[in-house]
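J.: Sharing a structure with you now.
What follows draws every value from the coordinates through simple rules; no lab data is involved. Note that the structure is predicted; figures quoted are calculated from it, not measured. Virtual Cβ from ideal backbone geometry, glycine too; neighbours counted across all protein chains shown.
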Amino acid sequence: MNFIAKCLFLSLTFICNAHAVTSISVEAGHVESEYGEARNAVLEYALGESKTAPTPIRLKGQIKAMEDKQWSDLALSCGSLSNPKAGEWHCSKGKLASKPLNTPFNLVFTSNESKGQKHLGAEISLQQASFNDEAGLHAGEKVTGKISLKLSRPVKQLTDWQWRADVDWTSGEIFWQPFYFASGGHQLQASGKFGEKTLTIEKSNLALKNVGQASLSGLWLREGKKFEDLFVQTSSLDLAALYPLVLKPLLEKTAYSHLEMAGKGSLKLDMQDGEYKSFQLALQDVDVEDKNGRFALYKLNAAIPWSYADAHDISLAYEGGHLLKIPLGKTSLAAQTNRYALTAPQLKLPILDGALVVSDVSAAWVNKQWHWHLHANTEPFSMPELSHTLGWPRMEGKVSATIPLVTYSNGHLTTDGDLLFNVFNGTISVTKLAMQDPLGIGPRMSADLQMRNLDLGALTRTFSFGRIEGRLDGDVKNLQLVNWQPVNFDAEVRDSPGRYPKKISQRAVENISSLGGAGATAAIQRSFLRFFDEFNYSRIGLSCKLRNDICEMGGVESTTQGYVIVKGSGVPAITVLGYNRKVGWNELLERIKRVTSGNTKAIVR
């Protein structure tokens with residue numbers, strides 16, 4: 001039998017037995033792309049009206065995203081597959097299922113040519129879809145919506161694809177690290193070009209439910225995964241809805257991750273060749289408050305334009321607010337920008353019944369950080385109002401300060417000058433003040449304090465300590481606070497030099513005794529001293545060196561038993577000793593709290 005006869009015989013055999021072929025199966029051992037891998041893939045396609053095939057078309061296998069470590073089973077099927085006309089396929093009652101996926105869908109796919117152009121299209125309807133990934137960075141539940149994608153390019157030229165996408169997400173919740181959308185109602189329309197190295201967005205419009213709209217265009221570098229060019233313009237956005245949806249996730253690891261916001265805001269931004277060229281931020285009647293109580297501004301209005309090419313005037317005003325619980329009065333501020341520099345001749349911020357006045361403000365954005373300096377002084381404000389605001393016992397006097405220079409660089413704030421507090425008929429000055437990230441997540445502060453000639457009578461009356469007559473000096477050196485809690489200092493208070501009455505009441509003796517140890521209280525109760533309301537003293541003082549949450553205590557002099565806190569003089573006189581050399585910082589704070597609240601009981605150890 002010659003060759004032609006063999007071919008004819010084989011052809012006739014296939015034709016005669018064609019009715020026995022009910023399906024076509026295609027297998028692939030391994031497929032890899034930049035997004036992930038697939039293995040053991042099997043595509044089955046049922047022919048004719050086969051009753052044994054559960055679906056006309058089914059694809060199954062295993063997949064793994066590049067960032068995942070484990071493989072997942074995947075099954076893709078169409079409950080009904082039709083080809084109503086040339087170049088158009090309908091997949092109804094489709095389902096994409098795996099361990100992290102359960103996605104019912106309907107799909108219409110088109111492919112045709114007209115006027116020398118190749119056209120591809122896909123319209124997908126999702127019905128109650130759910131998904132998640134192994135890393136927990138992406139998840140969706142009961143997602144319903146429609147996605148339409150259209151591609152076209154010349155038939156005879158391998159140029160970039162022209163594309164258009166429309167997304168109408170009607171319901172369901174999605175978490176896409178770091179964003180969480182609790183419900184649908186959002187739409188996106190976008191178009192542009194798609195090439196091997198770039199994605200061009202020529203026009204797009206994003207509508208976020210209850211927030212507002214934003215238009216965007218730009219050039220995305222696929223390899224570098226970043227925008228080379230970008231233009232964004234928003235409508236007037238509702239900040240109460242925008243903050244939890246978009247801003248809070250982006251600010252999660254900053255000091256601004258626990259805010260409450262209300263009001264309106266809009267933004268226009270232009271970036272070219274990877275560099276920002278201009279932006280314009282506008283705020284209307286914005287309320288912003290930190291839930292941790294560090295700051296707040298109310299009825300904030302601002303117009304902040306900036307461009308690389310031109311200088312601009314900026315303005316900012318608010319009706320009130322607070323900074324670290326200190327009230328801020330109604331304020332209107334103005335400054336000028338010139339490229340990456342900001343200047344202002346003078347800014348005045350009302351505080352209580354006084355004001356903070358800053359002058360010669362100069363700031364610059366260098367190496368992605370702000371660096372600035374200014375001069376500052378305060379118009380005196382009253383201590384009674386400040387102490388009431390901060391929840392302290394009422395204090396008399398005024399607060400004033402003159403700081404020749406304040407400098408901020410690389411997150412560090414330093415001062416050249418003293419803060420001066422005129423209180424208790426004496427003075428308290430703060431020197432060497434330095435802060436790191438003062439409004440951040442873990443602020444740090446260091447300073448030295450000096451107290452001179454404080455009126456002990458006014459001081460002890462203020463804190464319900466018991467009556468002490470005299471004057472007091474004190475020094476706190478190398479004070480260090482972390483998150484506004486002391487972690488290190490060398491503190492000492494003592495009677496001031498000079499001649500003046502020095503008397504101490506029995507209650508004050510009991511309170512001092514409870515801070516450093518017992519002895520004086522017991523001595524009073526066992527002797528004739530209990531008949532006296534007050535005693536004379538020659539010296540008084542107490543010290544604490546804080547290290548590792550332990551306070552090493554001391555007094556005006558040491559004894560074999562401990563240290564002297566109050567040294568008696570004259571008749572009647574009493575000496576108060578301290579016995580606890582080392583006291584836990586939290587325990588000492590509890591003792592001070594008991595003393596100042598009037599619930600003192602002598603602690604005998």
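J.: Would you mind computing, in nm to one decimal, how far apart the modelled labels at Val108 and Ala262 are, each placed 7 Å from Cα along Cα→Cβ?
T.: It works out to 4.6 nm between the two label points.
J.: So how long is each side of the chain along the principal axes, counting just the alpha-carbon atoms, biggest first, in Å?
T.: Result, largest extent first: 141, 58, 38 Å.
J.: While we're on this one: Treating only the Cβ atoms of Lys and Arg (+1) and Asp and Glu (-1) as charged, compute the dipole magnitude of the chain about its Cα centre; round to the nearest 20 debye.
T.: 1220 debye
J.: Still on this structure, please answer the following. Once the Cα gyration tensor of the stretch 424-597 is diagonalised, what are the square roots of 5 times its eigenvalues, in whole Å and ordered largest first, as equivalent ellipsoid semi-axes? Write out the running numbers ahead of the final one.
T.: Working: eigenvalues 185, 66, 38 Å².
The equivalent ellipsoid of the stretch 424-597 has semi-axes of 30, 18, 14 Å.
J.: Please give, to one decimal in nm, the separation of the simple spin-label points placed at Gln213 and Glu27, each 7 Å out from Cα toward the Cβ.
T.: 5.4 nm
J.: Could you tell me how many degrees, from 0 to 90 and to the nearest 10, lie between the Cα long axis of helix 585-597 and the main elongation axis, the longest principal axis, of the Cα atoms of the chain?
T.: 60 degrees
J.: For the chain, calculate the relative contact order in percent as a whole number, restricting contacts to Cα pairs under 8 Å that are 6 or more residues apart.
T.: Worked out over the chain, it gives 4 percent.
J.: How do Trp585, Trp306, Trp176 rank when sorted from fewest to most other Cβ atoms within 10 Å of their own Cβ?
T.: On the way: Trp585 17, Trp306 20, Trp176 12.
By the 10 Å Cβ count, ascending, the order reads Trp176, Trp585, Trp306.
J.: Follow-up. Could you put Thr198, Thr460 in order, starting from the residue whose Cβ has the fewest other Cβ atoms within 10 Å?
T.: Lowest count first: Thr198, Thr460.
J.: Here's a follow-up. Identify the residues of the stretch 228-266 with backbone N under 15 Å of a label point that sits 7 angstrom from the Cα of Asp437 along the Cα-to-Cβ direction, or state none.
T.: Of the residues in the stretch 228-266, 251-258 have backbone N under 15 Å from the label point off Asp437.
J.: What is the order of Val232, Val509, Val31, fewest Cβ neighbours within 10 Å to most?
T.: Listed from fewest to most nearby Cβ atoms, that is Val31, Val232, Val509.
J.: Between Glu141 and Arg581, how high is the FRET efficiency from 1/(1 + (r/R0)^6) when r is the Cβ-Cβ distance and R₀ = 60 Å? Nearest 0.05.
T.: 0.45
J.: I want to check the label-to-label distance for Asn548 and Lys85. Put each point 7 Å from Cα in the C-beta direction and report it in nm to one decimal.
T.: Each label point lies 7 Å from its Cα, and together they span 8.5 nm.
J.: Any idea what angle helix 3-16 forms with the longest principal axis of the chain, computed on alpha-carbon atoms, 0 to 90 degrees, nearest 10?
T.: 70 degrees
J.: For Ser236 and Asn478 in one chain, what is 0.36 nm times their gap in residues minus the Cα-Cα distance, to one decimal in nm?
T.: Difference between extended and current length: 82.2 nm.
J.: Let me ask something additional. If you take the beta carbon distance between Arg222 and Ser446 as r and set R0 to 56 Å, what does 1/(1 + (r/R0)^6) give as a FRET efficiency, to the nearest 0.05? Don't jump to the answer; show the numbers that get you there.
T.: Values: r = 48 Å, r/R0 = 0.86.
About 0.70, to the nearest 0.05.
J.: Still on this structure, please answer the following. If packing is taken as the mean number of other Cβ atoms within 10 Å per residue, what is the order of 78-89, 447-458, highest first? Walk me through the intermediate numbers first.
T.: Values: 78-89: 13.0, 447-458: 18.3.
Answer by packing, highest mean first, reads 447-458, 78-89.
J.: Relative contact order of the stretch 424-597, please, whole-number percent, based on alpha carbon pairs below 8 angstrom and at least 6 residues apart.
T.: In percent, rounded to a whole number, it is 17.
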